[in-house]
Amino acid sequence: MTMASEESKTIQVTPPDKAKIRKIWMTALFLGVVTAVEFVIAFTMGASAFRTSLFVGLTLVKAFYIVSEFMHLKYEMKVLIWSILIPTIFIVWLLLALLIEGEAIFMVKF
Amino acid sequence: MSATESVITTQKRSIWAGGMSPLKVTYGKLMMWFFLLSDAFTFSALLITYGLIRYSYPGYEGNPADFVFAPDKWWPIPEKVFEAVPFLHGVSAPLVFVGIMTFILIMSSVTMVLAVEAGHRMDRAAVEKWMLWTVLGGIAFLSCQAWEWSHFIHGTHEGPMVAEGTTFFGANLLQNQYGPPPFADLFFFITGFHGTHVLSGVILNIIIFYNVVVGLYDKRGHYEMVEKVGLYWHFVDLVWVFVFTFYYLI
């Protein structure tokens with residue numbers, strides 16, 4: 001107990017950087033606004049391929065901000081960024097492959 | 001002696017040859033990133049499976065205002081399924097509750113970033129405060145999800161009935177009042193898998209919070225564990241963003 005209190009005396013607490021904290025809240029606000037826009041679209045537009053692509057686009061925008069700002073990936077080494085991003089190509093491939101497959105199953109069934 | 005030394009220093013050593021961190025992150029953080037990548041594959045597989053099955057069923061093509069649940073005819077419109085809010089029985093408020101859940105999760109992600117930021121400054125009191133908010137956010141989200149599941153399973157009194165004189169309410173793995181059986185199956189699987197992630201995130205956050213309180217990271221000299229668990233927590237938020245779009249909006 002005494003040791004811990006002695007050590008905590010030596011720890012230097014840096015005061016918060018206002019600009020940094022502001023940026024965090026701005027990112028959060030932006031994510032909230034994008035979600036609000038998604039709600040507005042959900043209630044005002046009828047379902048269509050355009051609306052779906054709009055939703056996917058906005059989702060990717062949100063994903064970009066979460067990964068780059070909150071998860072701090074934007075500020076890591078280039079090599080690290082690419083070694084995380086490039087493998088996601090497999091996800092794109094699976095998406096295309098299975099959606100085409102789904103349509104084919106639909107053709108057979110209905 | 002000096003000759004051998006000069007030989008060693010003039011040899012060009014690759015940064016990948018060991019002894020240093022070419023990616024400028026610690027082993028633990030790097031492994032967290034690759035774990036999250038693998039987890040992203042799992043979640044993508046689940047969501048893409050939803051896409052596959054969704055497109056193998058006919059969608060509803062009439063006017064959305066006249067939509068009725070018809071499990072043997074078409075896939076339901078999600079906003080007609082998820083339209084209930086606690087304490088507002090019988091009021092149709094499409095997607096409002098999911099919106100609240102999304103907001104809770106985004107907010108708990110923000111408090112997590114603030115905890116990480118406080119950790120960089122070695123500010124133990126601030127880390128404690130923000131970690132506690134994050135844990136509370138996680139518990140709030142899980143509680144919402146429990147309500148949502150319970151409501152989905154039991155069905156609504158106002159809900160229309162399954163065709164041909166049967167009066168099946170709610171959902172289980174074999175049949176449901178909303179749409180084809182895979183609709184409920186995928187709902188349970190995807191949101192359940194995500195909820196399990198939130199639950200383990202909350203447990204991890206509580207462990208880290210405990211470590212912060214007892215001063216472990218002050219002794220260690222850095223708060224990197226908060227960063228690592230933060231990465232995991234943001235990933236859970238990230239997945240929810242996708243689940244929200246693909247399960248509730250489209």
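The values are calculated or read from the model by the stated rules, or taken from the named source; none is laboratory data. Please read all numbers here as calculations on a predicted model, not as lab measurements. Methodologically, a virtual Cβ is constructed for each residue, glycine included, from the backbone with ideal geometry; neighbour enumeration extends over all protein chains shown. Note: accessible area is taken over every heavy atom of the protein model, side chains too, but ligands, DNA and RNA are not part of it. Shrake-Rupley method; radii C 1.70, N 1.55, O 1.52, S 1.80 Å.
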Going through (1) charged (D, E, K, R); (2) surrounded by fewer than 20 Cβ atoms within 10 Å (Cβ to Cβ); (3) more than 28 Å from residue A:45 (Cβ to Cβ) one by one, residue B:117 fails only at (2)
Being under 29 Å from the mean Cα position of the chain (by Cα) and among the polar types (S, T, N, Q) is the filter here; which residues of region B:52-91 pass it?
B:56
Does residue A:76 meet the test of being modelled with pLDDT under 90 and of a type outside the set (Gly, Ala, Ser)?
no
When both residues are 6+ apart or on different chains and their Cβ atoms are under 6 Å apart, which pairs have a first residue that lies in region A:17-36 and is in the same structural domain as residue A:70 (by TED's automatic domain parsing), and a second that is among the polar types (S, T, N, Q)?
A:35/B:102
Taking residue B:68 as meeting all but one of (1) touching a residue at least 60 places away in the same chain (Cβ under 8 Å); (2) crowded, with 21+ Cβ neighbours inside 10 Å, write down the number of the exception.
(2)
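One line per residue, one yes/no per condition, for (1) within 7 Å of chain B (Cβ to nearest Cβ); (2) open to solvent by 40 Å² or more (accessible area, probe 1.4 Å); (3) in contact with a Lys or Arg (Cβ under 9 Å, 6 or more places away or on another chain); (4) of a type in the set (A, V, I, L, M, F, W, C):
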| residue | (1), (2), (3), (4) |
| --- | --- |
| A:49 | no, yes, no, yes |
| A:65 | no, yes, no, no |
| A:69 | no, no, yes, no |
| A:76 | yes, no, yes, no |
| A:87 | yes, no, no, no |
At pLDDT below 90 and open to solvent by less than 40 Å² (accessible area, probe 1.4 Å): which single residue out of B:201, B:179 fits that description?
B:179
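Checking the structure you have, find out if any residue of region B:78-92 is within 21 Å of residue A:63 (Cα to Cα), touching a residue at least 40 places away in the same chain (Cβ under 8 Å) and part of a loop (DSSP other than H, G, I, E, B). Can you show your working first?
Pass one, region B:78-92, residues within 21 Å of residue A:63 (Cα to Cα): none.
Within region B:78-92, not a single residue is within 21 Å of residue A:63 (Cα to Cα), touching a residue at least 40 places away in the same chain (Cβ under 8 Å) and part of a loop (DSSP other than H, G, I, E, B).
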